[in-house]
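Step one of this worksheet: look at the structure below.
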């Protein structure tokens with residue numbers, strides 16, 4: 001459709017523009033650019049590979065809760081970047097745009113759930129008395145809190161979508177709700193990081209004191225294990241990457257849909273795409289079933305060489321395992 005033949009009041013949108021043309025310039029899309037096809041193919045393959053590694057190791061080592069959450073998150077990210085690959089050919093592809101928005105927002109939320117589960121098992125394996133909370137409370141508190149962040153963002157997205165282009169005030173309400181969900185997610189991640197850091201600091205101080213009680217000798221063995229230390233560092237870097245991504249999302253959404261930050265692809269690729277990819281690769285490669293077997297459902301509580309292990313201890317450990 002040429003600019004001269006457009007009906008009065010017509011404006012470019014995902015409903016009126018089937019593809020980029022003279023009247024449907026790419027600058028009018030929400031992204032405002034043709035996504036880089038090569039980069040997005042690379043990202044889709046990276047997330048796809050992370051999905052396969054996570055699921056294969058999860059089934060092999062029987063780390064069900066962690067592997068389901070992280071594997072699903074990686075898979076959603078893969079789908080989201082397939083959507084961006086399609087947008088590289090046609091930025092006005094409404095279905096591809098919706099797919100990438102939903103999948104890329106939802107994916108990291110599920111990946112975060114995997115992180116929340118690791119703290120519970122870390123506390124259980126090392127020394128419960130050093131924790132501010134009982135181990136079972138970590139997933140009970142943080143998993144619903146994380147999901148609630150997603151629900152708030154979804155509600156905001158629904159409000160914004162229902163507003164259309166003719167109700168600016170309603171659109172702003174939707175954007176503010178989305179922002180509230182993102183800020184809440186940063187708060188939840190921050191609280192989790194604070195508790196995890198506090199526990200690891202206290203545990204480190206205890207195990208280095210040289211006065212470890214007999215009932216925590218098994219935890220001391222885990223603490224000095226090189227694989228466990230690699231696992232903790234990997235989880236720490238994954239956490240930092242996800243936190244950076246969430247903070248970037250606040251800046252990205254601060255100006256509403258189609259703002260100059262949202263339309264800057266390099267910042268999106270670095271602070272969103274690669275931050276989440278780094279987290280997913282770390283969680284996949286440094287799988288708990290290999291580097292922290294205490295998270296495995298097939299793990300025997302006696303394998304940590306606790307000298308005073310009893311049947312009641314076994315029952316308690318099994319009850320703590322997700």
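Readers should treat all values here as calculations from the given coordinates under stated rules, not as data from a laboratory. All of these numbers come straight from a predicted model, not from anything done at the bench. Here Cβ is always computed from backbone atoms with ideal geometry, including for glycine, and neighbour counts include all displayed protein chains.
Ranked by the mean number of other Cβ atoms within 10 Å of their residues, highest first, the peptides 73-83, 272-282 fall in the order 73-83, 272-282.
From most to least packed by mean Cβ count within 10 Å, the peptides 24-32, 98-106 give 98-106, 24-32.
By average Cβ neighbour count within 10 Å, what is the ranking of 44-54, 259-269 from highest down?
For the peptides 44-54, 259-269, the packing ranking is 44-54, 259-269.
Approximating the spin labels as points 7 Å out from Cα along Cα→Cβ, the residue 30-to-residue 233 distance works out to 4.0 nm. Need the full-extension length gain, residue 212 to residue 250, defined as separation in residues times 0.36 nm minus the C-alpha distance. One decimal, nm. Stretched out fully, the residue 212 to residue 250 stretch lengthens by 9.3 nm. Helical runs assigned H by DSSP (4 residues or longer) give the chain a calculated mean residue ellipticity at 222 nm of -23500 deg cm²/dmol, each run adding -39500 (n - 2.57) before division by the residue total.
To the nearest 0.05, how large is the calculated FRET efficiency for residue 224 and residue 169 if R₀ is 45 Å and r is the Cβ-Cβ distance?
Efficiency, from the Cβ-Cβ distance: 0.15.
Of 33, 199, the sequence from fewest to most neighbouring Cβ atoms within 10 angstrom is 33, 199.
Note on residue 155 and residue 202: the extension gain reaches 13.0 nm, defined as 0.36 nm multiplied by sequence separation minus the Cα-Cα distance.
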